[in-house]
Amino acid sequence: MKKKAWFFLIFMVLAVNSVTGQVESPVIGQSEYSATGQDKYRQLYKNKIITYTKMRRNGLVMTGFGAGSLIAGTVLLATIPSEYWNANYGYPIPNQDKYDLQAAEGVIFSALGIGLLAGGITLSSIGNYKVKSYRHKLDNLSLGVICAPNRQGLSLTYRF
């Protein structure tokens, strides 16, 4: 029974080694022989964490500007007198042009705020999820195959 288990283990190592030997480097611009397979994936995950951290930060900035713009647009629309909105008001409204401009600005700021708010929330939530995911991949138990011209084998890494 032990003989079959060892044979199966050796066969699996050889099969995994031959399959992973054909995979290209996951990090662009990095030589295939400069680091082990595990180091390449670690560098890839670190680059992904940096990218998604920037995405999360930009999403939070967009959310802040969107919320401010939406509040400003709402305030502009709310401060217009009620006579401006009443179509049955028979008398001309003093400063009609001023209120027309204020209403246009309020609509533009509100629309811009809604767009920035929606995009910012989306970017920040996706960035946050991906950062957590790649940090989880970096921090846990990892099993890798070392496949280089002078080095071959398995690597088992546990980080705590």
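Specify the residue that is most open to solvent (accessible area, probe 1.4 Å); the eligible residues are those in the range 48-82 that are charged (D, E, K, R) and closer than 27 Å to Ile114 by Cβ. Among those residues, the one meeting the criterion is Arg57. Each residue in the range 79-111 was checked for being assigned to a helix (DSSP H, G or I) and in contact (Cβ under 8 Å) with a residue 24 or more places away in the chain, and 9 pass.
The values are calculated or read from the model by the stated rules, or taken from the named source; none is laboratory data. All values derive from a computational prediction rather than experimental measurement. Every residue, glycine as well, gets a Cβ built from its backbone with ideal geometry; the counts of neighbours run over all protein chains shown. Areas reflect the complete protein model, heavy atoms only, side chains present, ligands, DNA and RNA absent. Shrake-Rupley method; radii C 1.70, N 1.55, O 1.52, S 1.80 Å.
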